[in-house]
Amino acid sequence: MTTSFTPGELDDDRVGAFAERLFGLYTDGLLTLMIDVGQRTGLFSALAAGPGTSAELAARAGLEERYVRECLGALTTAGIVDYAADGGVYTLPAEHAVCLTGGGSTDLAPMSAVVTLLARQVGPLAQVFRDGGGIPYEAYRPEFTTVMDGMSRGLFDDQLITGIVEPAGLAPTLTAGVAVADIGCGTGHSTNLLARTYPRSTFVGYDLAGDALDHGRAEADGWGLDNVTFEPLDLVDLPSDPPLDVVVAFDVVHDQADPATVLRRVHDALGPGGVFVMMDTKASSRLEDNVGNPFAPLLYAVSTLHCLTVSLARDGAGLGTVWGEQTARRMLADAGFTDVTVRDVPDDPLDSVYVARTASARAMASR
Ligand SMILES: C[S@@+](CC[C@H](N)C(=O)[O-])C[C@H]1O[C@@H](n2cnc3c(N)ncnc32)[C@H](O)[C@@H]1O
C-alpha cells in the first residue's frame, strides 16, 4: 500500500523536521550499540583512566587500534568523547565518565546492552504480530540473565537498603529476623545484599531460570552467607506454608503470564501484617497521561519487545511494562492487600516502589 498526497497538502517544513528526527533516532540507535561495544570491551574504562591517543587507549584496553579509532570517531562526532586534533588525543569528560563507568546506580552503560539484546527479536516479533502468541523467555537467554543483572546490580548496590528497604520502614523487622522471599530474583544480587545486611533473617530467592539461580548461589557462597537459598519455582506455585513475613519483587510482576494469581499467592503466603515490596515501572495506566513522560517510549518499546510478548507466549494476561499505577493498585487490592503506598526509587526514574500490607491479625480477628 502506498500513500499519495495532493500537491500543497503537506507542510514541507514538518516533513523535513520529521525526516531529520528519524535520522536522529537511527543515529542514536547505532550510537547505543557503540556504547554497548565500549562497555563490553573496556574502552570506556580505558578512557576514564585518562586522555590518550587511539593507540594508547587500544593498548590500555588490550584492543585492536583500528576498531578503537573508528568507534572513537562515532563517539567523538556524537559529543560523547572530546578530541584534540593536535596530538590526536581523546578525552572522556568526567561528567560522562560518571555515567558510563564505575558501576553503581549512575553507571548507565550496562543498560545499552538491552537494545542489543532486544534487537535480536525484531524478526520473531514481526512474526508474532502476524500470527499471535509470543516469544518465550528462553529465547532471550542466556544473554538476558547477564544483561538484566547489569541493569539492576548498580541500583541494588546503591539503593536497595537505603533507598528502598529503609524508606519502606522494613529495617527494624528485617534486623529482628523474619522469613523473606525474593520472587523472580534473577541472579539473586538483591537477595544476597539483603541476606548480608540482615543476618538474622532468612531469605529464599525464587526464579524459573536455573542459570540465573546459579549466579545467586555462587555469589552467596563467595560472600559466606548461610541465611539464603535459591530455588527454581514458577511463581504461580508460591507456597503459603510456612508463612512468609516479607516478599520482595523487583521488576517481576508486569511480565507474568498470570499476574493476578501470583499476587494472590504472594498475599496468601504472607501472614497477618505481612509486607509485600514490589518495585515496578513508574507510569500511568492511561496512555494519554504518559504522553510527555520522557521515559514512556522506552517503557512501551521494552514492553513490545520483551515484557508483553513473554507473557503472551504463555497464553498470559499480557499486562505489559506500562500496566501503570492505577492497574497495579487495583490488582493489589483484588489480591487482598489492604494498605498500599507508592514511592519513587532514588536514582531510578523508571520505577516506583509499592509497599503493600496484608490485614493485621487484630483486623482479621475483628471481622
Ligand atoms: C525482569 S527480570 C528481574 C530480575 C531481578 N528481580 C532483577 O531485578 O534483576 C524478571 C525475572 O522474573 C523471572 N520470572 C518471570 N516469570 C516468572 C515465573 N512465572 N516464575 C518465576 N520466575 C519468573 C524471570 O526469569 C526473570 O529472572
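The values are calculated or read from the model by the stated rules, or taken from the named source; none is laboratory data. Values in this document were obtained by computation on a predicted structure and should not be read as measured data. So basically every Cβ, Gly included, is an ideal-geometry build from the backbone, and we count neighbours across all protein chains shown.
Computed quantities for the displayed model
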{"read-out": "Test: Thr309 is within 22 Å of Gly184 (Cα to Cα), assigned to a loop (DSSP other than H, G, I, E, B) and polar (S, T, N, Q)", "value": "no"}
{"read-out": "Hey, Thr101 under 27 Å from the mean Cα position of the chain (by Cα), buried (at least 16 other Cβ atoms within 10 Å of the Cβ) and at pLDDT 95 or above or not", "value": "yes"}
{"read-out": "Hey, Gly274 farther than 30 Å from Thr116 by Cβ and in the same structural domain as Val262 (by TED's automatic domain parsing) or not", "value": "yes"}
{"read-out": "Unique residue being in the same structural domain as Gly186 (by TED's automatic domain parsing) and either surrounded by fewer than 18 Cβ atoms within 10 Å (Cβ to Cβ) or not aliphatic (A, V, I, L, M) (or both) when the list is Pro136, Pro110", "value": "Pro136"}
{"read-out": "Every pair of residues 6+ apart whose Cβ atoms lie under 7 Å, when the first sits in the stretch 128-153 and is among the acidic types (Asp, Glu) while the second is within 8 Å of the ligand (Cβ to nearest atom)", "value": "Asp149/Gly186; Asp149/Thr187; Asp149/His189"}
{"read-out": "Qualifying residues in the stretch 245-271 (those that are in a strand (DSSP E or B) and within 16 Å of the ligand (Cβ to nearest atom)) - the one nearest to Ala179 (Cα to Cα)", "value": "Val246"}
{"read-out": "Residue list for the stretch 155-179, filter: surrounded by fewer than 18 Cβ atoms within 10 Å (Cβ to Cβ) and part of a helix (DSSP H, G or I)", "value": "Asp157, Thr162, Ala171, Pro172, Thr175, Ala176"}
{"read-out": "Residue in the stretch 200-244 that is nearest to Ala269 (Cα to Cα), counting only those that are within 12 Å of the ligand (Cβ to nearest atom) and charged (D, E, K, R)", "value": "Asp237"}
{"read-out": "Residue match in the stretch 272-282 (condition: more than 13 Å from the ligand (Cβ to nearest atom), more than 25 Å from Leu160 (Cβ to Cβ) and at pLDDT 95 or above)", "value": "no"}
{"read-out": "Near pairs, Cβ below 6 angstrom, 6+ apart or cross-chain, from the stretch 47-66 (closer than 14 Å to Pro93 by Cβ) to any residue that is in a helix (DSSP H, G or I)", "value": "Ala48/Ala97"}
{"read-out": "Hits in the stretch 308-331 - residues which are within 15 Å of the ligand (Cβ to nearest atom), under 23 Å from Val353 (Cβ atoms) and surrounded by fewer than 20 Cβ atoms within 10 Å (Cβ to Cβ)", "value": "Ala317"}
{"read-out": "Hey, Leu25 loosely packed, with under 13 Cβ neighbours inside 10 Å and not assigned by TED's automatic domain parsing to the domain that holds Val345 or not", "value": "yes"}
{"read-out": "Within the stretch 109-166, tally of residues that are more than 11 Å from the ligand (Cβ to nearest atom) and hydrophobic (A, V, I, L, M, F, W, C)", "value": "17"}
{"read-out": "Residue that is surrounded by the most Cβ atoms within 10 Å (Cβ to Cβ) [pool: residues in the stretch 280-299 that are outside any helix (DSSP H, G or I) and not polar (S, T, N, Q)]", "value": "Ala283"}
{"read-out": "Tally of residues being among the polar types (S, T, N, Q), in contact with a helix residue (DSSP H, G or I) (Cβ under 6 Å, 6 or more places away or on another chain) and not in a loop (DSSP other than H, G, I, E, B) across the stretch 66-123", "value": "2"}
